[in-house]
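Every number here is computed from the coordinates shown, using simple stated rules; none is lab data. Just so we're clear, the structure is a prediction, and the values are computed from it rather than from any experiment. Because the Cβ atoms are built from the backbone with ideal geometry, glycine has one as well, and the counts that use them run over all protein chains shown.
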Amino acid sequence: MIHPELKTDHTRRDPVPALAEAVALAAALPDLQVVGSDVVRLPKIHAGMLLGKGKIEELRVIFEANEVELVLIDGRVTPVQQRNLEKVWDVKLLDRTGLILEIFSDRARTAEGVLQVEMAALAYQRTRLVRAWTHLERQRGGLGFVGGPGETQIEADRRAIDDHLNRLRKQMEKVVKTRALHRASRAKVPFPIVALVGYTNAGKSTLFNRLTGAEVFVKDMLFATLDPTMRKIMLPSGDEIIMSDTVGFISDLPTELVASFRATLEEVLDADLIVHVRDISHEQTEEQAMDVRTILTTLGVSETAPMVEVWNKTDLLDDDARAAAQTEADRKDDLFAISAVTGDGMDDLLASLAEHLKDPRREEVIELSFAQGRERAWLFDAGIVTNEELTDAGYTLNVFWTIIQKERFTRL
């Protein structure tokens, strides 16, 4: 694994934790063993080769001595650079985008997730037709970027890829319509939606499982969760909500993936409350939080959207750091220090979710016809009817509701 550090890039991340994250990305793939990693400092990018001749030769000797078959570069590599480096080093080469695509392909479980990954992979491959894809071989699931013997030839013809993409887009249109129907049906449910977002491996799924009693796949690896999951839970206050666990974000998320997963991440746009889960024990927690906010903005989430921040994994902090995190959380109404593993801080978080979702209520009188039985049932299911009278035309109801509930009712 190589992490290029460009000295002239003033926005670059600290190379040591960045390399560690890249290695963790690679470790998220089965059948892949990382035998070495290093930061390569570059005074400038070499257009055709990425690295300088001396460094390329130095690495070639290392790769040959260690019988390296695949080189991962934690950054963007152009098709020409990729072809030239593969030729000199006699290896397969994969850049950050290709690696993340491979992980996503390996993890996708739902038909929608598989479809989204395939579209993103084809969009990525389309830019790389300068390469000879025929030598890539498959041994297992995934996209074939890091496979072995037995793979059929990946389509290298631009027109074939375009035709395939068009077919996938048509399938995706059906998925989008289905998701829109699901969102419309959820709008008819009188329960607010809470979306968990955060950097990958921040502990969202562990928190989701503790809150919902679900058994979402949890493992200490990047992108353990890919397909979103939703569950209804009851808060200690007696209020019911729908909790949504979403795919984790990551710095330099490939644009192909942002575009392809927009439909999935629209769950966040529909949420009544966003819970930003952070791994407060991570040395780059601030940078990770900034990456999450940037992606949320890209998705169209307003800076004024209702949001609370959860500092997770306090069990991994020392006593002083844990006390400092708790003190900071005590000072702010929208900040909570918790451990989803031990359960510390969960009571305060749950109580706050109920309060954040309780807008000031107002009493109103509405008229319903006899034909509006579904609307009447919705109001009673929501528990907001304080009085009802039968009229010649239907029903007159006194309701005591929040703005959110009123908006949901008008969408029925």
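Of note:
- Computed P(r) (all Cα pairs; segment 362-410; 10 Å bins; percent): 27, 62, 11, 0
- Share of alpha-carbon pairs per 5 Å distance bin for segment 277-339, given as whole %: 4, 18, 24, 24, 16, 9, 4, 1
- Modelled spin-label separation between Val16 and Val175, with each label point placed 7 Å from Cα along the Cα-to-Cβ direction: 4.1 nm.
- Theoretical FRET efficiency, 1/(1+(r/R0)^6), r = Cβ-Cβ of Thr297 and Val61, R0 41 Å, to 0.05: 0.35
- Partners for Lys332 among lysines (Cα-Cα distance below 27 Å; same-chain residues under 8 apart left out): Lys204, Lys313, Lys358
- Multiplying the residue separation of Asp392 and Lys53 by 0.36 nm and removing their Cα-Cα distance gives an extension gain of 113.2 nm.
- Estimated D of segment 279-412 in µm² per second, where Rh is the Kirkwood radius over Cα pairs and Stokes-Einstein applies at 20 °C, 1.002 mPa s: 117 µm²/s
- For segment 2-99, averaging the sequence separation of C-alpha pairs within contact (under 8 Å, six or more residues apart) and dividing by the residue count gives a relative contact order of 30 percent.
- Span from the segment 1-74 Cα centroid across to the segment 336-382 one, whole angstrom: 50 Å
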